[in-house]
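Colleague: My questions will all concern the structure given below.
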Amino acid sequence: MTPQSHATRAPSPEDVKAQLRTSIRKARLHRSERRNAELAQALRDLALDDPAIAGAQCVSVYASRPHEPGTLPLISALHERGVKVLIPRLGDGLQRGWSLYQGAEDLVERAPGRPPEPSGEFLPSEAIREAEAIVVPALAVDAQGTRLGQGGGWYDRALCQVRDEVPIIAFTFAAEFRGHDELLLPCEPHDVPVHRVITPQGTTSVPA
C-alpha cells in the first residue's frame, strides 16, 4: 500500500522570522568595527536632517549594541544640542521604561547581551509619549513599514503608547531594507509599522 502523501506545511510567520534573524545576525558579524563606525556617522547625518528629529526637543533613540546600526553618534549629537534623549531601560522584574541620556560615560551594559542603559532615574513606559520622534532598531524593514525586531516584542509593546502624529523611524543597513520589488516580511497583528527607514545610503518614507 502506497503511503498517503502529506502536504508540506507552510512555515509559520514565527518560523520565517526566526530564520531571517539568524541569517541577518550572522551577516552583520562580518562588518568590521571601523566600518560600523563609518556607517553610524552616516546614519547620524541623515537622521539629523530628518524634519521631525531636526525640530524636536525630545527624541527616543535605542542604544546600539555591537554589530547593530550604530546610534551613539546620533545620541551624542542630540545631547549636545540640548535635546532630551530617551533610551530604553529595564526596571525591576523586566519592567519596561526609559531613562534620559546624560553622557557616554553613563551608558553601561548591565547584563551580558543587553543594550547599554543610562543609570539615571527610571521613567515609566508612558514617558515615551513625550518624544517627538522615535528611532527604533530593525534587523530588516520592508516597503510597507513592517519591521523585523529582535524577537522579544519589547518595542512593539512600547510603541503602542506613542502619540499618533509622532514618526517611528527604523535604522537598518541597506541590504536589510526590502524595496517595492522585493518579498515582503512576514507581518503579525502585534507588529507596529514604521513610518520611515534610514539606512547609511538614504531615507525612505513608507506610504501611509
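The values are calculated or read from the model by the stated rules, or taken from the named source; none is laboratory data. The shown structure was predicted, so the numbers you read here are calculated from the model rather than taken from an experiment. No Cβ is skipped: glycine too gets one built from the backbone with ideal geometry, and neighbour counts run over all protein chains shown.
Colleague: Which residues, taken from the range 193-205, are surrounded by fewer than 19 Cβ atoms within 10 Å (Cβ to Cβ) and closer than 14 Å to D142 by Cβ?
Modeller: Matches in the range 193-205: P193, H195, T204, S205.
Colleague: Something else now. Could you list all residues from the range 59-86 that are of a type outside the set (D, E, K, R) and more than 21 Å from A42 (Cβ to Cβ)?
Modeller: Answer for the range 59-86, where residues must be of a type outside the set (D, E, K, R) and more than 21 Å from A42 (Cβ to Cβ): G82, L86.
Colleague: Cβ-Cβ below 6 Å, separation at least six or inter-chain, first residue in the range 32-53 and touching a residue at least 40 places away in the same chain (Cβ under 8 Å), second part of a helix (DSSP H, G or I) and of a type outside the set (V, I, T): which pairs?
Modeller: A47/L74; I53/A47
Colleague: Please go through the range 50-83 and pick out each residue that is outside any loop (DSSP other than H, G, I, E, B) and in contact with a strand residue (DSSP E or B) (Cβ under 8 Å, 6 or more places away or on another chain).
Modeller: Residues satisfying the conditions are A52, I53, C58, V59, S60, V61, L74, I75, L78, H79.
Colleague: How many residues, within the range 11-30, are free of Cβ contacts under 8 Å to residues at least 40 places away in the same chain and either touching a helix residue (DSSP H, G or I) at 6+ places or on another chain (Cβ under 9 Å) or buried (at least 16 other Cβ atoms within 10 Å of the Cβ) (or both)?
Modeller: Going through the range 11-30 one residue at a time, the tally reaches 1.
Colleague: Sticking with this structure for a sec: Look through the range 100-124, keep the residues that are modelled with pLDDT under 95 and under 18 Å from the mean Cα position of the chain (by Cα), and return whichever of them is surrounded by the fewest Cβ atoms within 10 Å (Cβ to Cβ).
Modeller: Ranking the qualifying residues of the range 100-124, first place goes to G113.
Colleague: Taking the range 103-154, which residues are small (G, A, S), more than 30 Å from H180 (Cβ to Cβ) and assigned to a loop (DSSP other than H, G, I, E, B)?
Modeller: G103, A111, G113, S119, G120
Colleague: While we're looking at this one, here's another question. Does at least one position in the range 72-80 carry a residue that is loosely packed, with under 14 Cβ neighbours inside 10 Å and closer than 21 Å to E132 by Cβ?
Modeller: Yes, the range 72-80 has at least one match.
Colleague: Does F171 satisfy the criteria of being over 13 Å from the mean Cα position of the chain (by Cα) and aromatic (F, W, Y)?
Modeller: No, not satisfied.
Colleague: Does the range 186-205 contain any residue that is more than 12 Å from the chain's Cα centre (by Cα), within 20 Å of A127 (Cβ to Cβ) and touching a residue at least 40 places away in the same chain (Cβ under 8 Å)?
Modeller: No: the range 186-205 contains no residue that is more than 12 Å from the chain's Cα centre (by Cα), within 20 Å of A127 (Cβ to Cβ) and touching a residue at least 40 places away in the same chain (Cβ under 8 Å).
Colleague: Could you list, ordered by first residue, the pairs with Cβ atoms under 6 Å in which the first is in the range 130-157 and on the phi < 0 side of the Ramachandran plot and in contact (Cβ under 8 Å) with a residue 24 or more places away in the chain and the second is crowded, with 24+ Cβ neighbours inside 10 Å and among the small types (G, A, S), at least 6 apart or interchain?
Modeller: Final answer for the pair search is A131/S60; I134/S60; V136/A170; A138/A170; V141/A170; R147/A138; R147/A170.
Colleague: Another one. List the number of the failed condition for A10; all other conditions in (1) more than 20 Å from E176 (Cβ to Cβ); (2) touching a Lys or Arg at 6+ places or on another chain (Cβ under 7 Å) hold.
Modeller: If we test A10 against (1) more than 20 Å from E176 (Cβ to Cβ); (2) touching a Lys or Arg at 6+ places or on another chain (Cβ under 7 Å), just (2) comes out false.
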